[in-house]
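Derivation of every value follows stated rules applied to the coordinates shown; laboratory data play no part. Remember, predicted model here, so these are calculated numbers, not experimental data. Note: ideal-geometry Cβ built from the backbone for every residue, glycine included; neighbour counts use all protein chains shown.
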Amino acid sequence: MNKQLRKAVIAGNWKMNKTPAETTALINEIKPLVADADCEVIVCVPYIDLAAALEATKGSNIKVGAENCHWAASGAFTGEVSAPMLAACGVEYVITGHSERRTYFGDTDVTVHDRTRAALDNGLKVIVCVGEYLEQREQGVTMEVVRSQTKIALAGVSKEEMINSIIIAYEPVWAIGTGKTATAEQANEVNKAIRELVGELYDAETADKAVVQYGGSMNAANADELLAQPDVDGGLIGGASLKAPDFAAIVKAASK
Ligand code: PEP
């Protein structure tokens with residue numbers, strides 16, 4: 001992290017876990033542990049838990065996000081939820097392009113772009129996920145893959161939106177939920193390349209201000225080392241975000 005240039009952001013991605021009652025209980029456990037955080041703290045929860053999360057986080061420093069949104073405002077899309085619906089509930093953030101959405105639910109670079117655009121158009125802040133599969137890393141095409149995913153997601157995103165409303169999460173797919181963390185150097189190398197791409201697409205000021213997280217088995221034990229890297233501006237946390245002490249330890253590491 002470079003705290004002179006950027007504020008770190010720690011976001012939990014709860015995936016398909018927790019009922020509304022469990023959401024209230026977990027947030028009530030997290031709240032006092034992160035109350036003095038010197039970083040942004042977000043919990044991204046299943047749609048069904050958003051109301052409970054918004055209620056439980058009232059008056060606290062924890063922001064609430066959804067895990068996905070549709071690109072259309074409304075219509076015949078059974079089972080989907082739109083960006084204006086999320087905004088109307090008071091949700092502030094949304095994740096787009098998570099590798100589980102790309103792998104299991106057919107999300108493509110183009111639909112990730114469209115979801116991101118819809119979210120921005122409705123005043124939401126977006127955590128855009130990018131990252132390579134293991135075979136792609138082994139084939140030596142990590143940078144091409146990540147650059148292309150990022151470039152397509154950001155097409156048409158203004159400089160102001162990029163600075164104020166976009167967080168990019170570099171999440172190597174082979175490190176998500178596997179316990180295999182990228183080394184701090186691997187994480188920083190790709191995060192730096194993403195920042196350089198933002199510089200090419202916008203300018204040096206935007207690159208300096210861009211928040212680029214790392215995600216992939218970040219936990220209480222490895223957070224310090226990952227977050228000490230100059231281009232790692234926080235983390236998107238899956239498994240460890242479901243345990244209040246672990247999530248709080250990562251927030252503490254980002255607050256140093
Ligand atoms: C994620 O879901 O974005 C993630 C990084 O998961 P985990 O921390 O469990 O690898």
*Could you check Val112 against (1) aliphatic (A, V, I, L, M); (2) away from the ligand (no atom under 16 Å from the Cβ); (3) in contact with a helix residue (DSSP H, G or I) (Cβ under 8 Å, 6 or more places away or on another chain) and say which number it fails?*
(2)
*Does the stretch 5-26 contain at least one residue that is more than 30 Å from Val145 (Cβ to Cβ), within 16 Å of the ligand (Cβ to nearest atom) and hydrophobic (A, V, I, L, M, F, W, C)?*
yes
*So which pairs qualify, if the first residue must be in the stretch 87-101 and without any contact (Cβ under 8 Å) to a residue 12 or more places away in the chain, the second must be among the small types (Gly, Ala, Ser) and more than 8 Å from the ligand (Cβ to nearest atom), the Cβ gap must be under 6 Å, and the two must be at least 6 apart or on different chains?*
none
_Quick test of your reading of the structure: Cys44 fulfils all but one of (1) in contact with a Leu (Cβ under 6 Å, 6 or more places away or on another chain); (2) surrounded by 17 or more Cβ atoms within 10 Å (Cβ to Cβ). Name the failing condition by number._
(1)
*Any idea how many residues of the stretch 28-73 are more than 16 Å from Cys89 (Cβ to Cβ) and part of a helix (DSSP H, G or I)?*
7
*Residues of the stretch 104-136 satisfying the condition of being free of Cβ contacts under 8 Å to residues at least 40 places away in the same chain, over 11 Å from Asn68 (Cβ atoms) and of a type in the set (Asp, Glu)*: Asp121, Glu135
*Those residues that are in a loop (DSSP other than H, G, I, E, B) and within 16 Å of the ligand (Cβ to nearest atom), I need them from the stretch 74-102; list them, please.*
Gly97, His98
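Quick grid of which residues meet (1) under 15 Å from Thr96 (Cα atoms); (2) in contact (Cβ under 8 Å) with a residue 40 or more places away in the chain:
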{"residue": "Thr24", "(1), (2)": "no, no"}
{"residue": "Asp36", "(1), (2)": "no, yes"}
{"residue": "Val43", "(1), (2)": "yes, yes"}
{"residue": "Ala51", "(1), (2)": "no, no"}
{"residue": "Ala56", "(1), (2)": "no, no"}
{"residue": "Cys69", "(1), (2)": "yes, yes"}
{"residue": "Ser74", "(1), (2)": "no, no"}
{"residue": "Glu80", "(1), (2)": "yes, no"}
*Could you check how many residues of the stretch 1-21 are part of a helix (DSSP H, G or I) and surrounded by 15 or more Cβ atoms within 10 Å (Cβ to Cβ)?*
1
*Quick check: anything in the stretch 52-66 within 15 Å of Thr23 (Cα to Cα) and within 16 Å of the ligand (Cβ to nearest atom)?*
yes
